[in-house]
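One structure is given below, encoded as structure tokens.
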Amino acid sequence: MGTQGWAVAGVVLVSVGTVGVGSLGLRRARTTGDFYVASRAVTPRWNAAAVSGEYLSAASFLGIAGLVLTYGFDMLWYPVGYTAGYLVLLTLVAAPLRRSGAYTLPDFAQIRLGSTVVRRTASVLVVLIGWLYLVPQLQGASLALSAQTGAPGWTGGLVVCAVVLTTVAVAGMRSITFAQAVQYWVKLTALLIPAVVLATVWHARHDRLPAQTLGGWLNPLGSGLDHPLYVTLSLIVAICLGTMGLPHVLVRFYTNPDGRNARRTALIVIGLLSVFYQLPTLFGVFGRRYLPGLAGTRLADATVLLLPERMLAGLPGQVLGGLVTAGAFAAFLSTASGLTVSVAGVLSQDVLGRRGDRRRRIRTFRVAAVLSLAVPYALSLAGARVSLAAVVGLAFALAACTFCPLLVLGIWWRGLTAAGALAGLVAGGTLAGVAVLATLVLAPRSGWPGALLSQPAAWIVPLTFTVMVAVSLATRSRLPAGVGRVLVRLHVPESVAAELPSIDRSAR
Amino acid sequence: MTERVRITHPRTTAARPVQGRPPAREIDELTAVGELYLASLMRSQRRAAFAVCLGAVGLLLALALGAAEIPGWSRITLAGVRLPWVLVGVAVYPVLLLAGALAVRLAERNEREFAALMHER
């Protein structure tokens, strides 16, 4: 049995395991509330593992190593940003958002601003961000399966769609919390064991990086991209501020019992991510030595998958190759199911309509789940020029340019009005949307236009904030009614809120 | 020795805050006083949140600038690894974790103080 066999075995094991763990929770999903959010009976530790499991996507598992192999030092900022995003989320958003009782970002918009138009706009943005984030997961799956087994390019994505739909549609969210928590440990193990073995091999051979890379690759701003300093800074802004606006992250925080636990969950997530993100860099550096030919090619994203067999001959390399493939599929499955649940939640509530009895609503949710995956799957077949991590970076940028200002101002500034929020979402969403489309569809540009379009966060985020504040000030007379009451709900800790009759606890 | 006598104004006990309304009720009914309580809670939480957040993100941006603009850093190595790689690849993460722990502590302290204020009287 070659790497092929081990890889297929790994993929089958992870897929069957995901469905298996998922169906364990099936009997417990009694009400729609259970079905959606696991009744919020999940401890911070489980929750944090689930958040991390869901969050570590194709971009983290495969993408970072490929970027480090190609561009070198500057790409270390990707994992730093992915982690720092949770610090920003912890400090600015976690507890108040949990206390708001919002299950999705459109819910938050409605609760805070009492406007259906803002709600609809937020829904459209959630679906767009979700789809943009799903495409690289499915592409990654296809790439991984082709690279390891020679399967045709459309298979991997289809496998992920099938497994995700089975788990999501059959079992709902409760089971997913446990499945996701397990996925974190699967991914960590699948990368940690090969990393330790390969590092030992590297050390034993007294390996060094080839001399020609000691130039730009090792140095800050040595990536060879245009305007590397701007690109780096804008990337940090996009990822740090975009994390709070990712639909699947927010849903996961809703399963915390209260605001205090939401903060603690975020803190544990920072720890779990810090451990994981030590590893992809190592693969990127080893890849630079053993797979230099991949630099700049589409296959750079397969560095993690191909490296074990290249560094270790025979059975050990093949087994480790199968292990990383299994880990990669855990990454695609967990992120894709998290995104599918949240996109489907928004689609079924705001697009397909939430009327009808419980049975009918669950059926609508399932239809929405199919729709949430069908569109990105079709897009993923179109093929891509842009690396996995870069596409995910664009999804972060879109979230940072729209939802970050909405959340930060909505939570911390009394003066935000519905008109201001709407103007900001439309302005930021349109500009960022154009930048994303231009980067993905048009030919790559050099110079400032290319840099500003491929890393749009640094200039659009301040612009969205400005538009929201300016329009809110201009429409000061139309402050939403009961804004004080909403802010009490967002900020007053549960121990005090329990004694306030005016707070509607049914939504909590 | 004469006995010590306490002389007090007869109304001091009567002036004790019996008729005060509990602060929680002010918040609940969002009276002018309640709005003040809310504003002070939001102010203390906003200050803590933005201080930690801006501090950490500012540190990251400063590190990015430092690594880019101070070429000397690349010549320093720790266990054979260049300083910028050590800083950005490893050392940043515990700092983020500490900042997170600090944020949790500050926010929970503010909440405890607010709860104590609400339960006074």
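General remarks:
- Over segment A:329-389, the alpha carbon radius of gyration divided by the compact-protein estimate 2.2 N^0.38 Å works out to 1.32.
- For B:48-54, mean number of other protein chain Cβ atoms within 10 Å: 5
- Peptide ranges A:268-276, A:388-396, B:105-113, B:82-90 listed from the most packed, as the mean C-beta count within 10 angstrom indicates: A:388-396, A:268-276, B:82-90, B:105-113
- Relative contact order, percent, segment A:354-508 [alpha-carbon distance under 8 Å, six or more residues apart]: 27 percent
- For the residues of B:77-85, the average number of beta carbons from a partner chain within 10 Å of their own beta carbon is 2.
- Here the relative contact order of chain B, from alpha carbon pairs under 8 Å that lie six or more residues apart, stands at 35 percent.
- If R0 is 45 Å, the Cβ-Cβ spacing of residue B:7 and residue B:46 corresponds to a FRET efficiency of close to 0.35.
- For the protein assembly as shown: Kirkwood Rh in Å [reciprocal of mean 1/r, alpha carbons]: 25.3 Å
- 10 Å Cβ neighbours from other chains, averaged over peptide B:38-47: 4
- Mean separation of Cα contacts under 8 Å (6+ apart) over length of chain A, as relative contact order %: 30 percent
- A simple count of charges around residue B:108, restricted to other residues whose Cβ falls under 13 Å of its Cβ and scoring Lys, Arg +1 and Asp, Glu -1, yields +2.
- Report note on the peptides A:109-117, A:472-480: ranked by the mean count of other C-beta atoms within 10 Å, highest first, their order is A:109-117, A:472-480.
- Chain B: translational diffusion in µm²/s, Stokes-Einstein, Kirkwood Rh over Cα pairs, 37 °C, 0.692 mPa s: 168 µm²/s
- Label point distance in nm, residue A:442-residue A:9, each placed 7 Å from Cα along Cα→Cβ: 5.0 nm
- Note on residue A:430/residue B:65: beta-carbon distance plugged into 1/(1 + (r/R0)^6) with R0 of 25 Å gives a FRET efficiency of 0.20.
- Local electrostatic count, residue A:249, Cβ distance below 13 Å [Lys/Arg +1, Asp/Glu -1]: +1
- Segment A:201-257: trypsin sites (Lys or Arg not before Pro) in DSSP loop, at most 14 other beta carbons within 10 Å: A:205, A:208
- Selected from B:79, B:48, B:91 as most flexible by GNM, with chain B as the system and alpha-carbon contacts under 10 Å: B:79
- Residue B:117-residue A:477 pseudo-label distance in nm [points 7 Å out on the Cα-to-Cβ vector]: 3.4 nm
- Taking other residues whose beta carbon is less than 14 angstrom from the beta carbon of residue B:97, and scoring Lys, Arg as +1 and Asp, Glu as -1, yields +3.
- Förster radius 35 Å - calculated FRET efficiency between residue A:313 and residue A:154, Cβ distance, rounded to 0.05: 0.65
All of the numbers you see were taken from the coordinates with simple rules; none came from a lab. Treat the numbers as computed from the prediction; the structure is a model and nothing was measured. Cβ atoms come from the backbone with ideal geometry, glycine included; neighbour counts cover every protein chain shown.
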